[in-house]
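Worksheet for the structure shown next.
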Amino acid sequence: MSLSAFMAENALTIDNEKYVASPRFLNENGKPIEWEMKTITGTEDEALRKTCVKRVAIPNKKNQYQKEIDYDLYLGKLAAVCTVYPDLSNAELQNSYHTMGEDAVLKAMLTPGEYANYLQKVQEICGFDTTLQEDVEEAKN
């Protein structure tokens, strides 16, 4: 068996997807503007997850901690990194919403329902069969 199909140059590229995140942002023709999203690599995802780890004290165990991922923070950062258009790093856009940071402006731009749907779409684009939020809820129960 040949491994040539697995070589980077032979892997199919994943196209960016367009998605109407909100009917509130309209173009000059009065139609909702499509946002553009991309997927990230497993390496990029791992680095992103590491930025969302926090140390949590273990109850009844003095000076002992465990690492936990802050999934709300992770999903917000994932959505921001995967957003190609609009450019969430644009200073003028951030200033208009009185926020700093791509994930903060994204949350400010969208209503809670729109934001939840956007997170779900980003996870779908990144290849998660079930959303991470569903996994978190299942683990809690």
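The values are calculated or read from the model by the stated rules, or taken from the named source; none is laboratory data. This structure is a prediction, so every number in the text was calculated from the model and none was measured. Positions of Cβ are backbone-derived with ideal geometry, glycine not excepted, and every protein chain shown enters the neighbour counts. Quick note on the areas: whole protein, heavy atoms, side chains included, nothing else; ligands and nucleic acids left out. Shrake-Rupley method; radii C 1.70, N 1.55, O 1.52, S 1.80 Å.
Scan segment 72-92 for residues that are in contact with a strand residue (DSSP E or B) (Cβ under 6 Å, 6 or more places away or on another chain) and among the aliphatic types (A, V, I, L, M) and jot them down.
84
Filter segment 87-109 down to residues that are more than 14 Å from the chain's Cα centre (by Cα) and not in a loop (DSSP other than H, G, I, E, B), then give me how many there are.
Result for segment 87-109: 8.
Would you say residue 109 is of a type in the set (A, V, I, L, M) and open to solvent by 80 Å² or more (accessible area, probe 1.4 Å)?
Answer is no for this residue.
Among the residues of segment 108-129, count how many are small (Gly, Ala, Ser) and modelled with pLDDT under 95.
1
Just for strands (runs of 3 or more DSSP E) wholly inside segment 1-86: which have at least 1 residues that are open to solvent by less than 100 Å² (accessible area, probe 1.4 Å) and either of a type in the set (A, V, I, L, M) or touching a Gly at 6+ places or on another chain (Cβ under 8 Å) (or both)?
Hits in segment 1-86: 35-37, 53-57, 65-69, 83-85.
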